[in-house]
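Enquirer: Sending over a structure as structure tokens; questions will come in a sec.
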Amino acid sequence: MKKKVLLPLLLVFAWMSTASAYEAFTGPTGVLHWNKKKAYDGYTLFAPMVNCKTTYLIDMEGNVVHTWESKFPPGLYAELLPNGNLLRAATLPRKSKKGYCGIGGAGGLIEEIDWDGKVVWRYKLWEKNKEIQHHTFYRLPSGNTMILAWEVKPRQEGIDKGRDPATLPDKPVKQKGVPMDDWWVDFVREVDPAGNTVWEWHVWDHVGTGPDQLDINYKLPDPVGLTYPNWDWSHFNTIDYIPETDQVVLNSRNFAEFYFINHKTGKIEYRWGNPSAYGKGKRPSWYDNGDQKVFGTHCSTVLENGNILLFDNGSEGPEERRSAVFEINPKTDEVVWKFEPKHTSSFFSYRQGAAQRLPNGNTLVTSTHGGHLFEINKRGDVVWDYVSPVFSGKMKCVAEDDDAFDRKYHQNGMTNMIHRAYRYGADYPGLKGKDLSQKTPMVKDCPAFFKTYK
């Protein structure tokens, strides 16, 4: 890189070393900071969301050590299984808007890809005007796979369930150019390796006003977009599983809650995040969070200690809008750990996001809308910091304001978005015997910023 380009970047890092927050129209990508003594050493997996069909595995310096190719963009992320295969959701192409779900997160296909790139298992869950996979999946210890999906329910059927018709739009709502006038309701399907359905759980079967039900008249304010308070009324985004109690963990962004579901009976046995969703607490007002604890949650994950780790977008919080990571003890309902920055410019994802607790106790955070991955310790110290250089399928070592989406199409998002990333240690079973010696920089001639900034 020419000196006239490198010098301003060095000045940026000199400024960063004294500032408590980072706000600029341009910024470096790749590994920005790495504390070798405090970070969990390993390999980070992520699938860039925009115009990219490649899933990357990188080392701590940001070098690519392995990739997987697909025919389709992610829908929305991938993870590495203990057998060394990649389990990945994919977004199938839509040749027309008729019968298609225009809600963000719709995918349609789950693929298992071996280390050499061969698809060894796939399950398609997409039928026009009926159902479509979205957001997430979970491989169970039994080898079965749980898949989150939407199913279509007619407008009148929701009214028959108790929805006040006066609160519904009087004409179809367009989402991504797709007219919507029916309900797209969450359900979970569990399939065995042969693709046979062995279990299902449907939100539609649990509509009501009790503590173990979902109130069809609980809705977000209309300004968030008429789809979310109405046709995408519940908007789940996460599946996890507790083998000790045989409970399925689900998360609703719109209700701002996570749930423990009895795998045998389907009953909602526990919920946390927003008691006002079932009449047990004060709803938020203009500048008051009320009794609601989180606003727009994602990635509710079971930890080894039985606690739940989750990503809170904070996107609709009345008191302040900032993202955070929570650890909740479901036995006491208490928040036992929380991370948030001092300034929202350092960390804020309006939608999506994830958090993974690492074996050394650190937490890997995915701040989706900035393509920002960072690792923090229990004290909240940032020990590894990374910005994806993959912008709409193109590699860049400096991000610019033009790399953001037009607000007409996407709010607060950059074209290097990552839905969810995972870190795997060198001793992870899925990496046993794998050749990770070939290291390729993601962007040629890009400075190693973490070496410059200490």
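The values are calculated or read from the model by the stated rules, or taken from the named source; none is laboratory data. From a predicted model like this one, the values you see are computed outputs, not experimental measurements. We place every Cβ from the backbone using ideal geometry, glycine too, and count neighbours over all the protein chains shown. We work out accessible area using only protein heavy atoms, side chains counted, and drop any ligands, DNA or RNA first. Shrake-Rupley method; radii C 1.70, N 1.55, O 1.52, S 1.80 Å.
Enquirer: Name every residue in the stretch 425-444 that is of a type in the set (G, A, S) and open to solvent by 80 Å² or more (accessible area, probe 1.4 Å), in order of residue number.
Expert: Hit for the stretch 425-444 is G433, nothing else.
Enquirer: Kindly indicate which of K124, K118 is charged (D, E, K, R) and closer than 29 Å to P179 by Cβ.
Expert: Going through K124, K118 in turn, just one is charged (D, E, K, R) and closer than 29 Å to P179 by Cβ: K124.
Enquirer: Of the residues in the stretch 296-313, how many are assigned to a loop (DSSP other than H, G, I, E, B) and either among the aliphatic types (A, V, I, L, M) or within 14 Å of the chain's Cα centre (by Cα) (or both)?
Expert: 3
Enquirer: I'd like the full set of residues that are surrounded by fewer than 19 Cβ atoms within 10 Å (Cβ to Cβ) and among the basic types (K, R), limited to the stretch 318-356.
Expert: If the condition is that a residue be surrounded by fewer than 19 Cβ atoms within 10 Å (Cβ to Cβ) and among the basic types (K, R), then R321, K331, K338, K342 are the ones that fit.
Enquirer: Oh, and also: Would you please name the residue that is farthest from Y259 (Cα to Cα), looking only at residues in the stretch 175-217 that are in a strand (DSSP E or B), touching a strand residue (DSSP E or B) at 6+ places or on another chain (Cβ under 8 Å) and aliphatic (A, V, I, L, M)?
Expert: M180
Enquirer: While we're looking at this one, here's another question. Has the stretch 92-106 got any residue that is under 30 Å from N360 (Cβ atoms), touching a residue at least 12 places away in the same chain (Cβ under 8 Å) and not acidic (D, E)?
Expert: no
Enquirer: Failed condition for K451, given (1) surrounded by fewer than 15 Cβ atoms within 10 Å (Cβ to Cβ); (2) without any contact (Cβ under 8 Å) to a residue 24 or more places away in the chain; (3) assigned to a loop (DSSP other than H, G, I, E, B), with all others met?
Expert: That leaves (3) as the condition not met.
Enquirer: Among what's in the stretch 100-143 and is within 18 Å of Y241 (Cβ to Cβ) and of a type in the set (F, W, Y), pick the residue that is surrounded by the most Cβ atoms within 10 Å (Cβ to Cβ).
Expert: Among those residues, the one meeting the criterion is F137.
Enquirer: Restricting attention to the stretch 153-169, which residues are part of a loop (DSSP other than H, G, I, E, B) and open to solvent by less than 50 Å² (accessible area, probe 1.4 Å)?
Expert: Passing the criteria: G162, R163, L168, P169.
Enquirer: Now for a separate question. Looking only at the stretch 65-87, which residues are assigned to a strand (DSSP E or B), in contact (Cβ under 8 Å) with a residue 60 or more places away in the chain, open to solvent by less than 20 Å² (accessible area, probe 1.4 Å) and farther than 18 Å from Q352 by Cα?
Expert: The answer is V65, L80.
Enquirer: Quick test for you: out of A39, A14, pick the one residue that is among the small types (G, A, S), at pLDDT 95 or above and either outside any loop (DSSP other than H, G, I, E, B) or within 19 Å of N362 (Cβ to Cβ) (or both).
Expert: A39
Enquirer: When you go through K38, K95, K53 one by one, which is the residue that is over 20 Å from L148 (Cβ atoms), under 18 Å from the mean Cα position of the chain (by Cα), open to solvent by 20 Å² or more (accessible area, probe 1.4 Å) and not β-branched (V, I, T)?
Expert: Unique residue meeting the criteria: K53.
Enquirer: Please go through (1) at pLDDT 95 or above; (2) surrounded by fewer than 19 Cβ atoms within 10 Å (Cβ to Cβ) for K2 and return the number of the only condition it doesn't satisfy.
Expert: Here K2 clears every test but (1).
Enquirer: Another question, then. Taking the options P154, P165, name whichever one is within 20 Å of V188 (Cα to Cα) and out of contact with any His (no Cβ under 7 Å at 6 or more places or on another chain).
Expert: P154
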